[in-house]
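Student: Got a structure for you, questions after.
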Amino acid sequence: LIGTGDITDDDILNGFGDAAIGVVTAHNYSTDHPSAKNKDYVAAFRKAAGTIPPGQDRNAANIAALWAHVNHPMFMVFIDLALAARRDRELESILRPAQENFRRECYYAALELFPEWLNRRDQLRTAIEVSLYMMEGMVLDNLAPSGENTERLLDFLAHELQVLQTESDGRRGD
């Protein structure tokens, strides 16, 4: 098998095991590259991701970014593979670590972007899981990446996350 580097992404390559032997890919970037330049790039990316223009709703901005992610063609491929993995244990054993890593990275990125949730990690984890499950379900249901129904559901999600955050703030003061 010869292909582009995105089929052996850093996050899933180790999970392939012996199935990856003989696969030849090329890519222009690796998050694991140990150079100072790459570390600077990652730090700058995280800083930029955490900079939301004043006046813009932070929850809504992050929901929009996550929605764009789950509508990316590579995520669609992952969803297709995940559905196939429900009947293929070997494929499931390959994809499970990638999915767990993605969710873990979402959680840690959210902690960096939303430091006010540091003392409410359980609520943050719930917010992330609800967001991901809802959006993945919307993708599986073939909802268009734009449109009135999608907009309504994403607005609902932003509202419910705000409620969760507000309720957590109230309990913290008790």
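The values are calculated or read from the model by the stated rules, or taken from the named source; none is laboratory data. Here the structure is a predicted model, which means the values were calculated and not measured. All Cβ positions, even for glycine, are placed from backbone atoms using ideal geometry, and neighbour counts span all protein chains on display. Protein only, heavy atoms only, side chains kept; ligands, DNA and RNA dropped before computing areas. Shrake-Rupley method; radii C 1.70, N 1.55, O 1.52, S 1.80 Å.
Student: List the pairs whose first member sits in region 161-173 and is modelled with pLDDT under 65, whose second member is among the β-branched types (Val, Ile, Thr) and assigned to a helix (DSSP H, G or I), and whose Cβ atoms are under 7 Å apart, counting only residues at least 6 apart or on separate chains?
Tutor: Hits for this filter: zero, empty list.
Student: Does region 137-145 contain any residue that is modelled with pLDDT of 85 or more, open to solvent by 80 Å² or more (accessible area, probe 1.4 Å), within 30 Å of Asp80 (Cα to Cα) and not hydrophobic (A, V, I, L, M, F, W, C)?
Tutor: The answer is no, given that none of the residues of region 137-145 is modelled with pLDDT of 85 or more, open to solvent by 80 Å² or more (accessible area, probe 1.4 Å), within 30 Å of Asp80 (Cα to Cα) and not hydrophobic (A, V, I, L, M, F, W, C).
Student: Just to confirm my filter: which helices (runs of 4 or more DSSP H) fall fully inside region 1-101 and include at least 3 residues that are open to solvent by 40 Å² or more (accessible area, probe 1.4 Å), within 28 Å of Leu161 (Cβ to Cβ) and at pLDDT below 70?
Tutor: Numbers: elements: 10-13, 36-49, 58-70, 73-85.
Qualifying helices (runs of 4 or more DSSP H): 36-49.
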